[in-house]
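Accompanying notes for the structure given below.
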Amino acid sequence: MKIAMIITAAGMSTRQIENKLLIRSCNETIIEKTINKFLNNNLEIFVIVGYQKELIVPIIANRFRNDIQIIDNKDYDSGIASSLKAGISVAGGNYDYYGFCNGDKPFIKVKTIKSMLKYLWKNKPLILVPKYQELSGHPTFFSKDFIKDFNLISGDTGGREVINKYLSEVTCLPINDEGIILDMDKYLDNKDV
């Protein structure tokens, strides 16, 4: 089974003063931490850049040059849908599943990703969404059957639009990992400064 993992790192971080993907923690940027979670899982990883790519690309290219493909989304300011479509377009149609994760998800546990991939291999759901205490999170995985639907999305809705259209095809996997719902915006908004 072939899986393309598309990590979006093109957004403008409009809710924060600085680009949240470039915040450093324990000698790594947030985008490095997120990418690192997906390595060594037999995934082909595509990282979509756009806003401040001149700062992000040197960091991730230097560290992950043999493990990822970097894709420039020139239409990044139109919303996350453009990044998902750019990733799918470059990846091509030769994958069984397409996984999606925002680049500001450094808190996801590696064992969560492994559990989700194991579930995909064993059960082959059409759409797989992790849930923590009834809240949907990342990463999400879609069968190649839905790629045509991603070509129709626009703006900032992302995969939610496809999920809402095909609710009966969604498998929700309970995950004991708050990291699937915690992103840097929530973390920084709740952090005592």
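The values are calculated or read from the model by the stated rules, or taken from the named source; none is laboratory data. For clarity, every value in this text was computed on a predicted model and none was experimentally measured. For neighbour counting, all protein chains shown are included, and Cβ atoms are generated from backbone atoms with ideal geometry for every residue, glycine included.
Every condition in (1) surrounded by fewer than 21 Cβ atoms within 10 Å (Cβ to Cβ); (2) at pLDDT 95 or above; (3) in a helix (DSSP H, G or I) is met by residue 62 except one, and the failing one is (2). Quick check on my filter: what residues within region 69-99 are in contact (Cβ under 8 Å) with a residue 24 or more places away in the chain, part of a loop (DSSP other than H, G, I, E, B) and not acidic (Asp, Glu)? 73, 74, 79, 93, 94, 95, listed by residue number. Of the residues making up region 77-101, those that are under 17 Å from residue 31 (Cα atoms) and at pLDDT below 95 number 1. In region 21-46, the residue that is surrounded by the most Cβ atoms within 10 Å (Cβ to Cβ) out of those that are part of a loop (DSSP other than H, G, I, E, B) and in contact with a helix residue (DSSP H, G or I) (Cβ under 7 Å, 6 or more places away or on another chain) is 23. Which residues, taken from region 100-125, are in contact with a helix residue (DSSP H, G or I) (Cβ under 8 Å, 6 or more places away or on another chain) and either free of Cβ contacts under 8 Å to residues at least 24 places away in the same chain or in a helix (DSSP H, G or I) (or both)? Correct list: 110, 112, 113. Answer yes if at least one residue in region 31-45 is within 20 Å of residue 174 (Cα to Cα), under 12 Å from the mean Cα position of the chain (by Cα), at pLDDT 95 or above and not β-branched (Val, Ile, Thr), and no otherwise. For region 31-45, residues within 20 Å of residue 174 (Cα to Cα), under 12 Å from the mean Cα position of the chain (by Cα), at pLDDT 95 or above and not β-branched (Val, Ile, Thr): present.
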